[in-house]
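To start, the structure under review is shown below, and the notes come after it.
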Amino acid sequence: MAATTTTDGGGGGGGGEDRVLATAQQILKSLNTPKDVREDMLLIFSSFDNRLSNITDIVHRDDDGAAAIAAEELERFEAAEKLILRWDSSLSSDPHSASSLLLDSADDAADYFSAVDDVIHWMEQLNLAPPPPPSSSAGNRHRIEMDRAENAIQLAMTRLEDELRHLLVRNTVPLDAESLHGSIRRVSLSFTDGGTVDENLESFGEVNDQGGDSQRFHERGASLGDDISVDLLRADAVAELREIADRMVRSGYEKECLQVYSSVRRDVLDEYLSTLGVEKLSIEEVQRVEWKSLDEKMKKWIQAVKISVRVLLTGEKRICDSVFGELDEIREICFNETAKGCVMQLLNFGEAVAICKRSPEKLFRILDMYEALKDALPELENMITDGFVIDEANGVLKMLGEAVKGTFAEFENCLRNESSKKPVITGDVHPLPRYVMNYLKLLVDYGEPMDSLLVISDEDLIRLQDSFGDNSSQTENISPLGCRMVLLISELENNLEEKSKLYEDSALQCIFLMNNIHYLVRKVKGPDPRKDSDLRKYSDLQNVLGDDWVRKRRGQVRQYATGYLRASWTKALSCLKDEGIGGSSNNASKMALKERFKNFNACFEEIYRIQTAWKVPDPQLREELRISISEKVIPAYRSFVGRFRSQLEGRHAGKYIKYTPEDLEAYLSDLFEGSPAVLHHIRRKSQ
């Protein structure tokens, strides 16, 4: 076929020819055929159009350029391979280079990273080029070059794994636990207000105070300050970590990178937990720990949960984000793997505590654990995307909530079944209301979590209405915790009523009930702000029980005081009546008068001997009771002596009229001090 000549329709032959040649050249390149095939195709193209006669020279020039570029890239790969081999400990003849950290020198690190980049680029070129036939010489060369590149990458990644590990370990910042603990704002709440607790109260045995004036405080952990921030890794190491991670991921070694990174940081978090006082204990080991030691471990756990989430895990997340940048999936997996061990260790202890034996003294610490985990959970869920870990955290929170309810129920059972038979011989406040009221006073501070966990049953409502009586409107808006507290105090009052029957002396029964009910009122009312400005020590139980409850108990205190006066002084006052004496001074009247004075003296001295050993611990109540006695006894005695003294005038009158009204007043001031006094040791004001 004769060659045909075509011309450019635009009038410029040169431009059209260039476009035809360029098109033909692009076709050849896109076909990516072997050289001998391309030459045959060139002859065919030139037969179609004489303008394609120059394409052979152009293609040959392109082939020469590509060959030059390939040679240059091969040369760069071989230089990179040589540098990587020099830093390999198993192949290098230079032990100094093989054992040193290349990151110790910025120049060495830059050269090594550049070498890794060259190898990665060479592998990408080899993978992009179409593989020649395996049996051809070109195919053998291609396979050898791929093996060399893969070997270089493997050696480089092994080196970078070591560098990554050393870099992470060497730049870890030790945890300053004391500083972090000091940043936790603590709230200390009084658990007792003095006085011994009878060791016969077996139900509450583990929480009894054994010192007369000792005070127990429950240290309620509070939140960390908002400005807490701690560097867990030296900042200048992050850039180098990012350089290593980037090359390991680009080389397809992201799994190895994640494994090294997460294992090192996991160990660091374990060490941090140990620094915070959190031990690795099995459930069986936790259950064998005695309460005093367990209480300390629980306190440390509460602090560790707050610090771990707010400081440690937040810091780890920040490091992960910086190192892995926009590699979202890798960054997420890496943080999850790093954080999982730390979180699970904390959760395992929480679970072990939740299934421990229930006892009342554990309630407040378990509540603190519950609140700490509940507060930390939203932030934990924002950071950790591992569904298993989050499900475990929610499960442990639920278990701690159940432990709170079970422990509170155990406290209720202990109160309901408490039946110690040993009376307080002085009629003082019994240890039981001291313990119960201080327990409830602390519990008010946990109103929110307790209300969220407790429910008011129909049975509770019926008992509650019985407790309030006509004032049933108070039951309408009462909280679940308030309901249970009202019922608990009712149980306590019934218990005290039973304990009062242990006293044979009806007057001492009244003193005992007066003291104990007055104590309940005082604990509910709280301090007098005129006398005690530190109101933070007290909880407002009155908001729970209401003013009507307080007024009713104050009325009971007055009734018991009146009952005491009647039971204790009626016999003595009957000696000061006129009946049977008359106004004459005959022998019969004198004998009756002498008998009255003798009986009064005997009654008074018996009361004095016994009741100086009785105790009314509240100073104001004690003084009010003495005034009530004085108002009943002193005027009656003064009047009786005034009317009949003249009938006993003589040297033996003092034998019968032993005391003046002022003497009696002085002696009455000794009553209810809790220590027996001897009458003749007191100086009489007059004779």
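The values are calculated or read from the model by the stated rules, or taken from the named source; none is laboratory data. In this text, all values refer to a predicted model and were calculated from it rather than measured experimentally. Positions of Cβ are generated from backbone atoms using ideal geometry, with glycine treated the same way; all protein chains shown enter the neighbour counts. Note: areas computed on protein heavy atoms with side chains; ligands, DNA, RNA excluded. Shrake-Rupley method; radii C 1.70, N 1.55, O 1.52, S 1.80 Å.
A compact table of results
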quantity	calculated
Whole-percent carbon and sulfur share, accessible surface of segment 239-299, 1.4 Å	43 percent
Summed residue charge, Cβ within 13 Å of Arg558's Cβ, Lys/Arg positive, Asp/Glu negative	+4
Residues of segment 415-505: accessible area per residue with a 1.4 Å probe, Å²	45 Å²
Computed label-point distance, nm, for sites Glu459 and Ser628 using a 7 Å Cα→Cβ extension	3.8 nm
Extended-chain gain in nm, criterion 0.36 nm per residue less alpha-carbon gap, Val169 and Ser263	32.8 nm
At R0 = 30 Å, FRET efficiency that the Cβ-Cβ distance of Asn127 and Glu279 yields, to 0.05	0.05
Computed lengthening from Glu271 to Glu579, 0.36 nm per intervening residue step minus Cα-Cα distance	101.8 nm
Accessible surface, per residue, of segment 356-414 when the full set of protein chains is kept, probe 1.4 Å, Å²	37 Å²
Residues Arg551 and Ala592, FRET efficiency given R0 of 56 Å [Cβ-Cβ distance, rounded to 0.05]	0.75
Restraint check, Lys615/Lys658; Lys499/Lys577; Lys501/Lys525; Lys374/Lys421; Lys297/Lys422, Cα-Cα greater than 31 Å	Lys499/Lys577; Lys374/Lys421; Lys297/Lys422
Label point distance in nm, Asn477-Ser506, each placed 7 Å from Cα along Cα→Cβ	4.4 nm
Förster-model FRET efficiency, 22 Å R0, Met146 and Glu256, C-beta, rounded to 0.05	0.60
Additional length obtainable on full extension of the chain from Ala602 to Ala79, 0.36 nm per residue less Cα span	176.3 nm
Rounded percent of accessible protein surface that carbon and sulfur make up, segment 344-419, 1.4 Å probe	47 percent
Residues of segment 560-633: accessible area per residue with a 1.4 Å probe, Å²	50 Å²
Net charge of neighbours whose Cβ lies under 14 Å from the Cβ of Lys280, counting Lys and Arg as +1 and Asp and Glu as -1	-4
